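Below: the structure, in structure tokens.
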Amino acid sequence: MEAEDDGASTLKNQDLSSLQSDVSVVLAEYGWYLLFLCVGVYVALQHLYKKRAQQEDTTSTGAVADPVSVVRRQEGMEAARKRMQEELDAKAALFLEKQREVEEEKRQQKIEKWDNLKEGKSSKGNTKLTESPEEASTSTALKPKADKKPLRSSGYNPLSGEGSSTCAWRPGRRGPSSGG
């Protein structure tokens with residue numbers, strides 16, 4: 001029976017030695033990774049505990065808050081909202097007034113334009129009001145056209161490239177279009 005006990009003890013030792021060798025191999029290969037993982041988990045748990053403690057502090061102080069201070073804070077917020085709304089209403093009223101003035105001005109210009117058109121003046125309303133009738137008659141007198149030179153010669157061709165113009169016709173690119 002002693003022989004059997006020796007065989008059983010050697011089997012137990014072999015199991016432990018193989019386990020120790022497996023652990024040492026894993027630690028040798030992945031030791032640094034395991035160390036960083038443990039440190040990361042520790043830091044994350046500490047952060048969560050602090051956050052939970054802060055939430056418990058705020059909920060416990062919020063339940064015990066003075067009702068008078070809460071009412072004052074709400075009244076202050078209501079007054080601030082009311083002031084902001086009044087400022088917004090005032091700005092809106094000013095904007096509407098300016099819009100009405102602009103529309104009235106445009107309407108007056110249209111009326112003046114229509115009156116000028118009825119009187120036979122320029123429809124643009126840009127006539128000189130300081131001109132005397134004598135100056136108006138001399139400015140509207142016809143000038144002879146002999147002083148003017150013709151804009152185009154009889155053989156004018158815009159594609160020929162003649163003239164002082166810097167624009168010139170150029171043929172398009174060869175080849176297929178480069179569309180996507």
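Once the Cβ-Cβ distance between Ala79 and Ala44 is put in as r, and R0 is 41 Å, what FRET efficiency do you end up with, to the nearest 0.05?
Details: r = 45 Å, r/R0 = 1.09.
Once the sixth-power term is evaluated, E becomes 0.40.
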Residue-wise HN-Hα coupling along the stretch 66-81, computed from phi with Karplus coefficients 6.51, -1.76, 1.60 (Hz; x: Gly, Pro): 5, x, 5, 5, 5, 5, 4, 4, 5, 5, x, 5, 5, 5, 5, 4
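None of the figures in this text is laboratory data; all of them are computed from the coordinates on show. Not measured: the values here are computed from a predicted model. For neighbour counting, all protein chains shown are included, and Cβ atoms are generated from backbone atoms with ideal geometry for every residue, glycine included.
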